[in-house]
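Colleague: Provided herewith is a single structure, encoded as structure tokens, for subsequent inquiry.
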Amino acid sequence: MAGFTFAYRESGAAPTIMDMTFKDTETITKGDLTNLESGQIDLAATGDAGLLGVALETKAGTTAVTRLKCIVDPDAVYSVTDANARLVGATLDVSGATGAQTVTTSSNKEFVVVAESSATEPTLVKFNPVLTWQGTAIA
């Protein structure tokens with residue numbers, strides 16, 4: 001299955017879920033990575049600087065105000081299907097369109113691998129702390 005799944009928080013706490021407003025009229029699919037721009041969310045792409053968290057539902061943004069539930073913890077660890085073996089500390093980028101997001105070789109270093117995995121195991125990743133929304137006001 002494509003997409004990101006919440007695994008745990010490094011703090012051990014439960015995930016923080018927020019109901020966020022869409023920025024654009026695009027579809028965001030459950031398991032997609034979201035990005036925060038001007039207090040609103042959109043589908044994350046490699047190179048985005050405000051990585052927020054993972055969508056918990058599928059919705060299409062409209063011209064009316066559309067809201068979507070997302071996990072928003074900067075210390076969240078996510079599981080993602082990845083057909084490559086990964087070493088702890090490796091950096092990866094987000095890749096793919098809505099409903100098909102995964103990770104790929106890193107140039108923007110959006111994720112850090114938190115546990116070694118084989119090509120047949122899910123990859124566990126967390127946000128690279130310098131690229132998350134920490135300190136940014138969110139709506």
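Here, each number is a calculation from the coordinates, and none is a lab measurement. On a predicted model such as this, the values are computed, not experimentally measured, just so you know. Counting neighbours? That spans all protein chains shown, and the Cβs are built from the backbone with ideal geometry, glycine included.
Colleague: Given points 7 Å out from each Cα along the Cα-Cβ axis, report the Thr104 to Ala60 separation in nanometres with one decimal.
Modeller: 2.6 nm
Colleague: Next up: Dividing the alpha-carbon radius of gyration of the chain by 2.2 N^0.38 Å (N being the number of residues), what value is obtained?
Modeller: So the chain has a normalised radius of gyration of 0.97.
Colleague: Another one. Determine the distance separating the Cα centre of the range 99-113 from the Cα centre of the range 12-91; give it in Å without decimals.
Modeller: About 13 Å separates the Cα centre of the range 99-113 from the one of the range 12-91.
Colleague: Still on this structure: Over the range 1-103, what is the percentage of antiparallel beta bridges among all DSSP beta bridges, to the nearest 5?
Modeller: Restricted to the range 1-103, the bridges split so that about 95 percent are antiparallel.
Colleague: Now for a different question. Say the dipole of the range 1-131 comes from +1 at the beta carbon of Lys and Arg and -1 at that of Asp and Glu; which of Pro129, Phe6, Ala45 then lies farthest toward its positive end?
Modeller: Of the listed residues, the answer is Phe6.
Colleague: Report the calculated FRET efficiency for Thr5 and Ala49 (r = Cβ-Cβ distance, R0 = 30 Å), to the nearest 0.05.
Modeller: Computed FRET efficiency for Thr5 and Ala49: 0.80.
Colleague: Starting from the Cα gyration tensor of the range 45-114, take the square roots of the eigenvalues, sort them a ≥ b ≥ c, and report rounded, prolate or oblate (rounded when a/c is under 1.5, otherwise prolate if a/b is larger than b/c, else oblate).
Modeller: Prolate, since a/c reaches 1.5 and a/b exceeds b/c.
Colleague: What is the packing order of peptides 15-23, 49-57, taking the mean over residues of other C-beta atoms within 10 Å and listing the highest first?
Modeller: The peptides rank, most packed first, as 49-57, 15-23.
Colleague: Using unit Cβ charges (K, R positive; D, E negative) and no other charged atoms, how large, in debye to the nearest 20, is the dipole of the chain about its Cα centre?
Modeller: 160 debye
Colleague: Then there is this: What distance in nm separates the two pseudo spin-label positions at Thr120 and Thr16, each 7 Å out from Cα along the beta-carbon direction?
Modeller: Spacing of the two 7 Å Cα→Cβ label points: 3.9 nm.
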